[in-house]
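Bear in mind these aren't lab numbers, they're just calculated from the coordinates by the rules spelled out. The model shown is predicted, which means the values in this text are computed figures rather than measured ones. Because the Cβ atoms are built from the backbone with ideal geometry, glycine has one as well, and the counts that use them run over all protein chains shown.
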Amino acid sequence: MEKHLTVKLKTKKNILVGLLLIGAAVLLILGDLGLQFKYHLETWRIVLGLLCLAIFVERLLKLRLPETVFPLAFLFMIFEPLIAQLVGSESSNLISNWTVLLAALLLTIGLEVILPEKFCGGQRSVGFERSALYLEASELADATISDHAGSTNVYVSNTDAYPGDGTIRITDNVGSIKLHLPGTWNVILEHSDNLGRVSMSEQEGEVFDQSITVKVYDNVGSVKILFD
Amino acid sequence: MKLKIEIDPNSPKELILRSPVIDDEVRRVQEALEQALSAPGEIALKSSSGEIFLPYAEILFFEVSDNKVYAHTQANCYVCPMRIAELADILPRSFCRTSKSALINVMRIRSIVRSPTGVGEVSFNGSGKKAFISRNYYKVVREIIEEMRLK
């Protein structure tokens, strides 16, 4: 038997996206009202710029540093004429676009190689496939999983080594996640779903030796917590 | 083939296969006996505090993920220091390859549900864990189940 929980959670991502959309709307209206900026900016630059900025901030917040390089490169390319004006350059083309893209690619690869895993998308991520993910119990203080259109079984290894009071954050976009947890752990489930389904199977015992918080953001997907 | 066990307190422990010819059935029994006799019966797995030794019978399945082999018991899983191909060589016949990245203990299978694509979803006795049998391995797995559990 499954029980459905209805605790809602507003994620930081939702707030960020909301603020960016509101900012874009305000800028578009101000532009159409004919308000003169010191530097003229076309609408498409504002929209694309805000999009790149949103991606940049999102990746930065997730500490996925190599993935912040390309949004920055695109931001530079979009606002290159403005930057040229600001630095007093006569030409609006400071650096060739191909040079910027090649440099961004090399930087991304370089950062991937140099930085430790936690700065390179150390969170576990899968997409478009059936797979299994393993989380080490001793590293469950703050674990993140994201699934995009995949079918994933998530297991915790070495459960005896779990220190307790950990948090697992799950982002599921059009995917199916089954999170397997020991039946002796008390699960505090917080979830926010957008046409998704989050459920937890019933625990047989009533005495729990450990506690864990599972935070789920489910977007048209299915997340199930199962007890082994 | 008949199985006969003779109890003789004065005799050493020995296994004799008596047959008029050496056919496939005899070879199969010989292979299974040799494997059962040579197998240590337990496997060493990595735990957080060092090593843990578990009987084969406790393992539901082995699975590869991120270049690591994980051994699943009913309620836990551990990293196994061996490769899946090495495990396939040393484990008893009850562990059979179900894909390039998995070995399943057929003695612990409760049910297999086949999808329209031919992939079999395996569930186990006493656990909510699932494993998969790829289309290419399904026939062999089914034959081993037939041989070890249904005859």
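Some observations on this one:
- Listed residues B:Val79, B:Ile5, B:Pro92: farthest to the positive end of the dipole of chain B (Cβ charges): B:Val79
- Rg and Dmax of the protein assembly as shown, both derived from C-alpha coordinates alone, stand at 28.4, 108 Å.
- Spread of Cα-to-Cα distances over 10 Å intervals beginning at zero, given as percent, for the range A:37-119: 17, 42, 30, 10, 1
- Largest-first principal axis extents, alpha carbons of the range B:1-43, Å: 32, 31, 13
- Over the range B:40-150, relative contact order from alpha-carbon pairs under 8 Å, at least 6 apart, %: 19 percent
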